[in-house]
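For reference, the structure discussed in these notes is given below.
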Amino acid sequence: MSEVRLPPSALPADTRRRFVELLGAEHVRTDRAARLAHAGGRSYLDLIRLRGGDASGAPDAVLTPAADEIPAVLAACVDTDTAVVPYGGGTSVVGGVSGADRGHAAVVALDLSRLNRLVALDEVAQTATFGAGMRGPDVERALAHRGYTLGHFPQSYRYSTLGGWVATRSAGQASTGYGRIDELVHALRCVTPTGELRLGRGPASAAGPDLLALVVGSEGALGVITEATLTVRRIPPQQRYEGWSLPDLPAGLRALREMAQRLGPGLAPDVCRLSDPDETRSTFLLSGSLPTRLVRGYLAARGRNPGCLAIFGWEGEPGQVAFRHRAATRVLRAHGGVSLGAAAGRSWLHGRFAAPNLRDTLLDHGLLVETLETAAGFGELPQLYARIRRSLRDSLGRVMVLSHVSHLYRGGASLYVTVLAARDPADPVGQWTAAKRAVTETILAAGGTLTHHHAVGTDHRDFLGAEIGTAGLSVLRGVKATLDPTGIMNPGTLLTPPS
Ligand SMILES: Cc1cc2nc3c(=O)[nH]c(=O)nc-3n(C[C@H](O)[C@H](O)[C@H](O)COP(=O)(O)OP(=O)(O)OC[C@H]3O[C@@H](n4cnc5c(N)ncnc54)[C@H](O)[C@@H]3O)c2cc1C
């Protein structure tokens, strides 16, 4: 850590004094360890820069306010021209906590870890109100104690926070059944430099345009989400997870479409995940266990080498689970599906948060490892898949591209891609920046969204206009100018800073 280049803190002494008066010295840190711990998110570019000893993106100070101190902190930041980066778990993979525009007197990370409690559980409405800084396991522990679950499990679940999920419109692994975070949020509180927004009333409303939806996904660029109220459910008495093999990707996609459209919400599995042949092959190789070898032998005997591995999960009352399982089984068999049984499903469930650990090892071995994601209609998905692979090959030469389709909607699904290639040691940042630009242009040209769940951050901001248009950008800029007139809120994230 001592070799990492960290510029001296630019926080002026009188600004620091003001923060200390508001929060106490222990909650205003300018030491090296605190600044480095908040120096970036978890994107490949963040990791490569930090591994290369470059911590120039670190904040000048780290503040850890209590919820009721945040309005005064933001007022002080406006007065002193201090940029504010709301910081949840720091798991952003799009530069959401690492790229703050330096055109201000100083930059502080507003670490929300003290907003860490279940504020209320309404068992009648089955909603719960959480402090925004609660991490995934704390959310589930607090709810489990009362017999409930939120059911939101992004792969970053162990480290990411409820406020971060809401601020990025995150999707969890069971979002086909439980809903994305934006479908679960009913109400929230967001402190902005011009005042607090308290949004969301009743289970639904027609009181004008949905301002709640404007804050969900605002990535800290409008204000700080301090609290959110979300739908929760009773812990399901039964979980059933299974592995299946589909003959190929087109057949798998047809099966998923039928599940989304014929079975529909409530009947389709809660978890649906279909790997392409390359991801299937690497999953089998990584798990060299005896049961996996037996499965591969069984599939080879049925002429499938490797076919497409799929994971499905059902959660709920035993009778419902059995009914929904039968419905999905009929669809899968009709499309050539072969059941690999509950052990394959359990194995996925057991290891579902572990893949990121492998990334550090691969980085140690000189590889470029990154993920990207999008979503498109069922009609566009096959072309989109092919064009993403071609674009990555054109940019990176020899490359492994592992893909899966998940998060089903009536009209389409999300496509998630893992990229592995030899890292260019001379210019790793330039290598990935060029490939990412090319593949993003490809995604947009092929009808995919800029991002299905990773959000915009700094990495995607220059492409946002291609998705929402010039008028859409003006709306966002207008809202930002109203709520954050001096532009201190996470400048450079979501919107390109004014030149
Ligand atoms: C290994 C790995 C797996 C991942 N898997 C998934 C996945 O399955 N699904 C998925 O959706 N994402 C995934 N992500 C991306 C990331 O975890 C999500 O974007 C997550 O929602 C970020 O939460 P966080 O608390 O870490 O937020 P941070 O990274 O701290 O912040 C993200 C953005 O939100 C803003 N922000 C954070 N908290 C607040 C707040 N309270 N108020 C206002 N703004 C705030 C920040 O300023 C920043 O712009 C993954 C990331 C990693 C590293």
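The values are calculated or read from the model by the stated rules, or taken from the named source; none is laboratory data. As the structure is a computational prediction, the values presented were derived from the model and not from experiment. Every residue, glycine among them, receives a Cβ derived from its backbone with ideal geometry; neighbour counts consider all protein chains shown.
Would you tally the residues in segment 83-99 being over 9 Å from Asn490 (Cα atoms) and either modelled with pLDDT of 95 or more or assigned by TED's automatic domain parsing to the domain that holds Gly133 (or both)?
Initial filter on segment 83-99 (over 9 Å from Asn490 (Cα atoms)): 87-95, 98.
This time we only want the ones that are either modelled with pLDDT of 95 or more or assigned by TED's automatic domain parsing to the domain that holds Gly133 (or both), so: 87-95.
Residues in segment 83-99 being over 9 Å from Asn490 (Cα atoms) and either modelled with pLDDT of 95 or more or assigned by TED's automatic domain parsing to the domain that holds Gly133 (or both): 9 in total.
Would you mind listing the strands (runs of 3 or more DSSP E) fully within segment 79-151 where at least 2 residues are β-branched (Val, Ile, Thr)?
On the way: elements: 82-87, 106-111, 118-122, 127-131.
Where strands (runs of 3 or more DSSP E) fall fully within segment 79-151 and carry at least 2 residues being β-branched (Val, Ile, Thr), they are 82-87, 106-111, 127-131.
Scan segment 370-389 for residues that are more than 29 Å from Gly264 (Cβ to Cβ), outside any strand (DSSP E or B) and touching a residue at least 40 places away in the same chain (Cβ under 8 Å) and report the count.
Residues flagged as more than 29 Å from Gly264 (Cβ to Cβ), outside any strand (DSSP E or B) and touching a residue at least 40 places away in the same chain (Cβ under 8 Å) within segment 370-389 amount to 1.
The rows are residues; the columns are (1) surrounded by 19 or more Cβ atoms within 10 Å (Cβ to Cβ); (2) assigned to a helix (DSSP H, G or I); (3) not basic (Lys, Arg).
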residue	(1), (2), (3)
Leu11	yes, no, yes
Asp14	no, yes, yes
Arg17	no, yes, no
Ala33	no, yes, yes
Ser56	no, no, yes
Ile70	yes, yes, yes
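What pairs come up if the first residue lies in segment 46-62 and is in contact (Cβ under 8 Å) with a residue 60 or more places away in the chain, the second is among the hydroxyl-bearing types (Ser, Thr, Tyr), and their beta carbons are under 9 Å apart, counting only those six or more places apart or on different chains?
Arg49/Ser56; Arg49/Ser98
Take Leu63 and decide whether it is among the hydrophobic types (A, V, I, L, M, F, W, C), over 23 Å from Thr192 (Cα atoms) and at pLDDT 95 or above. Even if it seems obvious, please write down each step before you answer.
Working: among the hydrophobic types (A, V, I, L, M, F, W, C): yes; over 23 Å from Thr192 (Cα atoms): no; at pLDDT 95 or above: yes.
The answer is no for Leu63.
Answer yes if at least one residue in segment 36-59 is basic (Lys, Arg) and over 24 Å from Thr371 (Cβ atoms), and no otherwise. Walk me through it before giving the result.
If we filter segment 36-59 for residues that are basic (Lys, Arg), which is where we start, we get 42, 49, 51.
Add one more test, that the residue is over 24 Å from Thr371 (Cβ atoms), and what stays is none.
No, there is no match, as no residue in segment 36-59 is basic (Lys, Arg) and over 24 Å from Thr371 (Cβ atoms).
Condition first: under 21 Å from the mean Cα position of the chain (by Cα) and either of a type in the set (Val, Ile, Thr) or over 23 Å from Asp364 (Cβ atoms) (or both). Now tell me which residues in segment 20-68 satisfy that.
Listed by number, the residues that qualify are His38, Ile48.
Failed condition for Met400, given (1) within 20 Å of the chain's Cα centre (by Cα); (2) aliphatic (A, V, I, L, M); (3) not in a helix (DSSP H, G or I), with all others met?
Against the list (1) within 20 Å of the chain's Cα centre (by Cα); (2) aliphatic (A, V, I, L, M); (3) not in a helix (DSSP H, G or I), Met400 comes up short only on (1).
If you go through segment 202-225, how many residues are within 14 Å of the ligand (Cβ to nearest atom), more than 13 Å from Glu183 (Cβ to Cβ), part of a loop (DSSP other than H, G, I, E, B) and not hydroxyl-bearing (Ser, Thr, Tyr)?
5
Over 19 Å from Gly95 (Cβ atoms), in contact with a Gly (Cβ under 9 Å, 6 or more places away or on another chain), away from the ligand (no atom under 16 Å from the Cβ) and small (Gly, Ala, Ser): does that describe Gly478? Don't jump to the end; show me each part of the working.
Values: over 19 Å from Gly95 (Cβ atoms): yes; in contact with a Gly (Cβ under 9 Å, 6 or more places away or on another chain): no; away from the ligand (no atom under 16 Å from the Cβ): yes; small (Gly, Ala, Ser): yes.
No.
Tell me, which residue of segment 63-93 that is within 9 Å of the ligand (Cβ to nearest atom) and touching a Lys or Arg at 6+ places or on another chain (Cβ under 9 Å) is farthest from Arg18 (Cα to Cα)? Step through it out loud before you land on a result.
Just the residues of segment 63-93 that are within 9 Å of the ligand (Cβ to nearest atom), to begin with: 84-93.
Then keep just the ones that are touching a Lys or Arg at 6+ places or on another chain (Cβ under 9 Å); that gives 88-93.
Details: Gly88: 23, Gly89: 26, Gly90: 26, Thr91: 29, Ser92: 29, Val93: 33 Å.
If we take residues in segment 63-93 being within 9 Å of the ligand (Cβ to nearest atom) and touching a Lys or Arg at 6+ places or on another chain (Cβ under 9 Å), then Val93 is farthest from Arg18 (Cα to Cα).
Can you name the residue in segment 170-201 that is part of a strand (DSSP E or B) and away from the ligand (no atom under 12 Å from the Cβ) and, of all such residues, is surrounded by the most Cβ atoms within 10 Å (Cβ to Cβ)? Explain how you work it out, then say what you get.
We begin by selecting, within segment 170-201, every residue part of a strand (DSSP E or B); these are 185-192, 195-199.
Those still in the list that are away from the ligand (no atom under 12 Å from the Cβ) too: 185-187, 195-196, 198-199.
On the way: Val185: 25, His186: 21, Ala187: 16, Gly195: 12, Glu196: 15, Arg198: 12, Leu199: 20.
Across segment 170-201, the extreme among qualifying residues is Val185.
In segment 100-112, which residues are at pLDDT 95 or above and more than 10 Å from the ligand (Cβ to nearest atom)?
First, the residues of segment 100-112 that are at pLDDT 95 or above: 104-112.
Of everything in segment 100-112, those that are at pLDDT 95 or above and more than 10 Å from the ligand (Cβ to nearest atom) turn out to be His104, Ala105, Ala106, Val107, Val108.
Pro498 passes all but one of (1) more than 16 Å from the ligand (Cβ to nearest atom); (2) out of contact with any Gly (no Cβ under 9 Å at 6 or more places or on another chain); (3) farther than 24 Å from Ala376 by Cα; which number fails?
For Pro498, the failing item is (2).
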